[in-house]
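Written below as structure tokens is the structure these notes are about.
The values are calculated or read from the model by the stated rules, or taken from the named source; none is laboratory data. If you're wondering where the values come from, they're calculated on a predicted model, not measured in any experiment. Cβ atoms come from the backbone with ideal geometry, glycine included; neighbour counts cover every protein chain shown. Note: areas computed on protein heavy atoms with side chains; ligands, DNA, RNA excluded. Shrake-Rupley method; radii C 1.70, N 1.55, O 1.52, S 1.80 Å.
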Amino acid sequence: MILLHEQMENDEAEFLKGVIEGVYKIPVRVSDYNLDPFFEKISATGEFYCNDPNLNGQLAKQFQGKAVFLLTRRDIFVCNMLAPFSKADQWAFGGTSESGPYHTVSIGRLMGQTSTAASSLSIDRDRYLRRLELLAIHELGHNIVHNQGHYKKAHYVNATTGERVCLGRHCDVNTCVMYEVIELRTPPCDQEYLELDGERRCDAGLNEHLDRVNVDWFCVNCKDKLHLNIPPEYR
């Protein structure tokens with residue numbers, strides 16, 4: 001697998017290389033790379049990029065037959081072409097393309113105590129790297145974990161406005177790395193919540209997820225035959 005990053009000065013890319021190789025047992029080649037061709041803007045006003053790293057097909061063209069992971073500082077958002085763009089509701093920690101083995105994680109919101117991009121609060125580096133580690137394992141798991149019969153359709157719901165954003169299918173076990181998160185801290189359920197197949201979940205904060213996630217990351221169903229089903233493009 002190829003891990004491309006944009007001038008990361010604090011060794012986040014090398015850190016993730018070790019994480020991915022340790023968890024998934026696949027080789028990772030790291031490269032500092034210009035990621036401009038791979039990120040599509042989804043709004044004419046501001047630097048808002050789609051979290052599908054292969055939306056325009058450029059990753060598939062340049063890295064045919066290889067899995068690619070993008071690590072970026074850019075603020076990324078769930079693509080929703082059927083509704084007006086919402087800066088407040090569509091932002092994302094990461095994304096996995098529906099068109100191939102392509103993943104991305106943004107560090108843009110991981111250093112603060114809240115998801116507000118303008119927040120000046122900071123956390124210790126160990127906590128930051130722990131967040132980054134979980135998100136990378138999660139995004140790769142969307143393609144590498146094959147036993148997904150128990151997954152449920154996930155939505156982010158803004159309880160105040162009624163805005164709903166489709167987040168794909170996710171594990172329903174909240175101690176599994178493949179459970180979905182929607183904020184750094186679990187928001188009040190009367191404001192925002194995660195919905196799984198119509199069931200309201202009020203536990204979708206990244207901090208809380210880190211505190212409860214399994215030591216070996218996956219639930220029993222997700223872990224079943226994990227290392228026997230690695231797609232060839234990741235090797």
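Beta carbons closer than 8 Å, at least 6 apart along the sequence or on distinct chains, pair a first residue in segment 17-34 that is in a helix (DSSP H, G or I) with a second that is open to solvent by 60 Å² or more (accessible area, probe 1.4 Å) for Glu21/Pro27; Tyr24/His227.
Taking the options Pro187, Pro232, name whichever one is free of Cβ contacts under 8 Å to residues at least 24 places away in the same chain and farther than 18 Å from His103 by Cα.
So the residue among Pro187, Pro232 that is free of Cβ contacts under 8 Å to residues at least 24 places away in the same chain and farther than 18 Å from His103 by Cα is Pro187.
Screening Thr72 on (1) polar (S, T, N, Q); (2) surrounded by fewer than 20 Cβ atoms within 10 Å (Cβ to Cβ); (3) modelled with pLDDT of 95 or more shows it passes everything except condition (2). Counting only strands (runs of 3 or more DSSP E) that fall entirely inside segment 137-235 and contain at least 1 residues that are of a type in the set (Ser, Thr, Tyr), open to solvent by 10 Å² or more (accessible area, probe 1.4 Å) and at pLDDT 95 or above, the qualifying elements are 152-158, 192-196. The residue pairs whose first member lies in segment 206-219 and is in contact (Cβ under 8 Å) with a residue 12 or more places away in the chain and within 14 Å of Leu184 (Cα to Cα), whose second member is open to solvent by 20 Å² or more (accessible area, probe 1.4 Å) and assigned to a helix (DSSP H, G or I), and whose beta carbons are closer than 7 Å, counting only pairs six or more residues apart or on different chains, are Leu210/Arg130.
Take the residues of segment 1-13 that are closer than 20 Å to Asp126 by Cα and of a type in the set (D, E, K, R): which is surrounded by the fewest Cβ atoms within 10 Å (Cβ to Cβ)? Only one residue tops the list, namely Glu9. Filtering segment 112-127 for residues that are modelled with pLDDT of 95 or more and over 30 Å from Lys61 (Cβ atoms) leaves an empty set. The residues of segment 14-37 that are open to solvent by 40 Å² or more (accessible area, probe 1.4 Å) and hydroxyl-bearing (Ser, Thr, Tyr) amount to a single one, Tyr33.
I'm trying to understand the selection: among the residues of segment 121-136, which are part of a helix (DSSP H, G or I), among the charged types (D, E, K, R) and over 17 Å from Asn214 (Cα atoms)?
Taking segment 121-136 as the starting set, the residues that turn out to be part of a helix (DSSP H, G or I) are 125-136.
Narrowing the set further to residues that are among the charged types (D, E, K, R) leaves 125-127, 130-131, 133.
Scanning segment 121-136 gives Arg125, Asp126.
Where strands (runs of 3 or more DSSP E) fall entirely within segment 43-108, those with at least 1 residues that are out of contact with any Asp or Glu (no Cβ under 6 Å at 6 or more places or on another chain) are at 68-72, 102-106.
The set of residues from segment 1-54 being modelled with pLDDT of 95 or more and small (Gly, Ala, Ser) comprises Ala13, Gly18, Gly22, Ser31.
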